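The values are calculated or read from the model by the stated rules, or taken from the named source; none is laboratory data. In this text, all values refer to a predicted model and were calculated from it rather than measured experimentally. Because the Cβ atoms are built from the backbone with ideal geometry, glycine has one as well, and the counts that use them run over all protein chains shown.
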Amino acid sequence: MPGTELFGAEERKEIEDVLSTGILFRFNHDAQRKNIWKAKDFEQEVKTITGAKHALAVSSGSAAIMAALAASGIGTGDEVICPPFTYIATIEAVLMLGALPVFAEIDETLCLSADGIKKALTPKTKAVCLVHMCGGNANMDEIMAVVKEHQLILVEDAGQAFAASYKGTYTGLFGQAGAYSFDFFKIATAGEGGIFVSNHETTYKLADNFCDHGHDHAGNNRGMENHPVIGFNFRISELHAAVGAAQTRKVPFIRKNNLKNKAFLQSKLSAIEGVSFAKLGDANGDSGTFLNLMLPDTASAKRVVDEMNKAGVTGFNYWYTNMYHFINQWEHIKELKTAAKLPIEVLGAPQDYKNLNLPKSQEVVGRLISFGVRCTWTEEDMSKLASQVADCIKKAMSTVNA
Ligand SMILES: Cc1ncc(COP(=O)(O)O)c(C=O)c1O
């Protein structure tokens, strides 16, 4: 959890600024706020890193992905191709907007593959919601070719991939709009928060309206502003934005250390028989937040997980059995268990969610064990971890081979 490792005077100073004026609201109050605009600062920091033309700070990454979909024109009845391996927020956002998730295969990049997208196309496909998982990046050249050929809308959930890029373009900026999460577990955190990004002005403006009850944010009398569309409250508070701005300034340092530490661990573990690593669309664009180990098959990965649990190794995720990141555990989605009726229950699901055939995704996620990379690790910490993990892998593999 790199951002949280570096909390310090910078975050405190940003919060003090906000408290000194008492203006915790991101809009208006120009006279009292002494020119302190933390949400705008946070947005500017994200634009500086990513080169996005527009950025909008919101209350969460989930809100940002919902805004990205809505502002890209995705709504009731639209089929949206989604991965079965993502944080559940991606699928929830599609469903809450009335759209219909169509699950497609991922590949060893841990993201949707171009081939998977092609196979999931139907005459009703409107969009692809690509998720850049585990700090990395998808195979964008191949995916963009499919998106263009079939005139699809591309929305990117880069919730876990802020500061990752592909051939010089930052994740989130390949399609109509993108989303980053700055929750407590990300490369940088606002406590809770997210950023919507887009290079398209009209999409950004729509997101800006959507995330604040439709407000057009014109003039300085909030109560008299126009409301071009129906929206909701996805606003970020100035306190969260203050932390987000301070943390985002630390991201170049965090990424540099993450990459160094990831390379160190990877070099220690790569010599072990049977171990490989998840692929990256562009290895130069990794954010370095996860070390993604791949074992030869699901059975051996499970054995490694068991050995690591027995040995007290911590700091890893085995997504295959995780309740929130892999479709195998999403019974509530398969059975459409809702608090109140959603459009998908009226329109009908576009696939039989209980009997999906996604063998490649099953194989990839079954083999995957991800370690969260820490930016403050010392070589001693990493050598100790690498030797513990190596022992567990060797033990697990010897059981498999016995
Ligand atoms: C891929 C992805 N999308 C969306 C989100 C949601 O972000 P938040 O927790 O900020 O709502 C997350 C958070 O873990 C995520 O990993």
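Residue by residue through region 364-384, note down the ones that are assigned to a helix (DSSP H, G or I) and either of a type in the set (Gly, Ala, Ser) or crowded, with 17+ Cβ neighbours inside 10 Å (or both).
As a first pass, look at region 364-384 and keep what is assigned to a helix (DSSP H, G or I): 364-367, 379-384.
The answer is Val364, Val365, Gly366, Arg367, Met382, Ser383.
Just one of (1) of a type in the set (A, V, I, L, M); (2) within 16 Å of the ligand (Cβ to nearest atom); (3) in contact with a Pro (Cβ under 8 Å, 6 or more places away or on another chain) fails for Val102. It is (2).
Among the residues of region 301-321, is there at least one that is within 24 Å of Tyr166 (Cβ to Cβ) and either more than 24 Å from the chain's Cα centre (by Cα) or buried (at least 20 other Cβ atoms within 10 Å of the Cβ) (or both)? Before you say what the answer is, go through the steps one by one.
Here is the first cut: in region 301-321, the residues within 24 Å of Tyr166 (Cβ to Cβ) are 317, 319.
Going one step further and asking which of them are either more than 24 Å from the chain's Cα centre (by Cα) or buried (at least 20 other Cβ atoms within 10 Å of the Cβ) (or both), we end up with 319.
Looking through region 301-321, at least one residue is within 24 Å of Tyr166 (Cβ to Cβ) and either more than 24 Å from the chain's Cα centre (by Cα) or buried (at least 20 other Cβ atoms within 10 Å of the Cβ) (or both).
Of all the numbered requirements in (1) touching a residue at least 12 places away in the same chain (Cβ under 8 Å); (2) under 26 Å from the mean Cα position of the chain (by Cα); (3) under 20 Å from Val80 (Cβ atoms), His332 misses one, and that requirement is (1).
Quick check, is Val365 of a type in the set (Val, Ile, Thr), within 30 Å of Phe253 (Cβ to Cβ) and within 20 Å of the chain's Cα centre (by Cα)?
Working: of a type in the set (Val, Ile, Thr): yes; within 30 Å of Phe253 (Cβ to Cβ): no; within 20 Å of the chain's Cα centre (by Cα): yes.
It is false that Val365 is of a type in the set (Val, Ile, Thr), within 30 Å of Phe253 (Cβ to Cβ) and within 20 Å of the chain's Cα centre (by Cα).
Looking only at residues of region 226-265 that are among the aromatic types (Phe, Trp, Tyr) and farther than 16 Å from Phe42 by Cα, we find that the one that is surrounded by the fewest Cβ atoms within 10 Å (Cβ to Cβ) is Phe253.
Here's the yes/no breakdown for (1) without any contact (Cβ under 8 Å) to a residue 40 or more places away in the chain; (2) on the phi < 0 side of the Ramachandran plot:
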| site | (1), (2) |
| --- | --- |
| Ala31 | yes, yes |
| Asn35 | yes, no |
| Ala39 | no, yes |
| Ser60 | no, yes |
| Pro83 | no, yes |
| Glu92 | yes, yes |
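Each row is one residue, and each column tells you yes or no for (1) under 21 Å from the mean Cα position of the chain (by Cα); (2) more than 16 Å from the ligand (Cβ to nearest atom); (3) not assigned by TED's automatic domain parsing to the domain that holds Val147.
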residue: Ile15; (1), (2), (3): no, yes, no
residue: Ile36; (1), (2), (3): no, yes, no
residue: Phe42; (1), (2), (3): yes, no, no
residue: Glu45; (1), (2), (3): yes, yes, no
residue: Ala55; (1), (2), (3): yes, no, no
residue: Met66; (1), (2), (3): yes, no, no
residue: Thr109; (1), (2), (3): yes, no, no
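Regarding region 385-400, can at least one residue be identified that is at pLDDT 95 or above and not in a helix (DSSP H, G or I)? No, region 385-400 has no match at all. Applying the set (1) more than 17 Å from the chain's Cα centre (by Cα); (2) surrounded by fewer than 18 Cβ atoms within 10 Å (Cβ to Cβ) to Ala71 leaves exactly one unmet item: (2).
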